[in-house]
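Structure record follows, encoded as structure tokens.
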Amino acid sequence: MTEKFTPDPILNEKVDKEFKKDEYHPLGKEVYVKAADMMSDKGYKEAYFADVIRFKMKRDKKRFWAGDNISDYVTEEDKAKLIDEATEAFELVLDRLLIDRENDPNSQGTARRLAKMYFNEIMAGRYEPAPNATAFPNDSQDRYEGMLVVRSELRSMCSHHHQPVTGVAYIGLIAAEKLIGLSKYTRIAQWCARRGTLQEELCNDIAREIQKATGAKDLGVYIQAVHGCCENRGIMAHSSLTQTTVLKGAFKEDGNTKKEFFDNIKLQQEFAPR
Ligand SMILES: [Zn+2]
């Protein structure tokens, strides 16, 4: 017996619209997945669309930690569906916290606001592909050979407590064969930051992505930030500041380059204190 069905868009993109019912496993209303694919998941029921994506990543051995970008697995169209599912889940959290979201006017719609905020704002860097940073050649006779230091404002979130992390990154490099637009440094830094992060990891992530975009081997990233998880809870430290540094190439090996980088940061801070 064959029937019309909607194949799961991720797992069965190549199958046609006819299928033998017993070869497929129902996922949701009209979405089915090949029963054989389910076997590797030991019969785990993919009741939610988010689970379909989660298991696809597991099968591909793709890491999906809070700080990882998973844009290859989530389309713009998928996001609406994922926001619906996350809304349901946040409703449950509010219920479990004994908040009357039916009668409290300020809590009506909070679950959806949270779901949208996570996907579109505070964790947007997980679901969006890398910013497009067009590289311009820097290979003429009078090419720029000096140090470039860009100050980028950051908003992030710690993956331990989902509390805000606010600060600045100073990105310094000796220009290689190509240059990118100045705003791109900040776009890349913010794309790395808008996830669940640890400041130490974030510093590494920014260094790696800037190296990828510019080809620069000599570079440094310095971040200073305040952490909501230290300010609003726990030790309640309202003026603590965390500093992290990643140095590569000449920034690490040559004392003068390193000094020039930190002198530049000091000059920037005199001009625009945090
Ligand atoms: Zn934290």
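The values are calculated or read from the model by the stated rules, or taken from the named source; none is laboratory data. Not measured: the values here are computed from a predicted model. With ideal geometry, Cβ positions are generated from the backbone for all residues, glycine too; neighbour counts draw on all protein chains shown. Please note that ligands, DNA and RNA were not included when accessible areas were found on the heavy atoms of the full protein model with its side chains. Shrake-Rupley method; radii C 1.70, N 1.55, O 1.52, S 1.80 Å.
Scanning the stretch 192-221 for residues that are outside any helix (DSSP H, G or I), of a type outside the set (Lys, Arg) and open to solvent by 20 Å² or more (accessible area, probe 1.4 Å) turns up Leu198, Gly215, Asp218.
Filtered by the rule that a residue be within 13 Å of Tyr170 (Cβ to Cβ) and open to solvent by 50 Å² or more (accessible area, probe 1.4 Å), the stretch 245-257 gives a lone residue, Thr245. Each residue in the stretch 64-92 was checked for being of a type outside the set (A, V, I, L, M, F, W, C) and within 17 Å of the chain's Cα centre (by Cα), and 10 of them qualify.
For the stretch 172-182, the criterion of being within 16 Å of the ligand (Cβ to nearest atom), out of contact with any helix residue (DSSP H, G or I) (no Cβ under 6 Å at 6 or more places or on another chain) and within 18 Å of Glu209 (Cα to Cα) is met by no residue.
Taking every residue in the stretch 151-168 that is acidic (Asp, Glu) and pairing it with any residue that is modelled with pLDDT of 95 or more, at least 6 positions away or on another chain, the pairs with Cβ-Cβ distances below 7 Å are Glu153/Val168. Listed by first and then second residue, the pairs with beta-carbon distance under 8 Å, at least 6 apart or on different chains, first residue in the stretch 119-133 and over 15 Å from Arg187 (Cβ atoms) and open to solvent by less than 70 Å² (accessible area, probe 1.4 Å), second assigned to a helix (DSSP H, G or I) and of a type in the set (Ser, Thr, Tyr), are Phe119/Tyr127. Hey, Phe271 hits all of (1) within 16 Å of the ligand (Cβ to nearest atom); (2) modelled with pLDDT under 95; (3) out of contact with any helix residue (DSSP H, G or I) (no Cβ under 7 Å at 6 or more places or on another chain) but one; which does it fall short on? Result: Phe271 fails condition (1) only.
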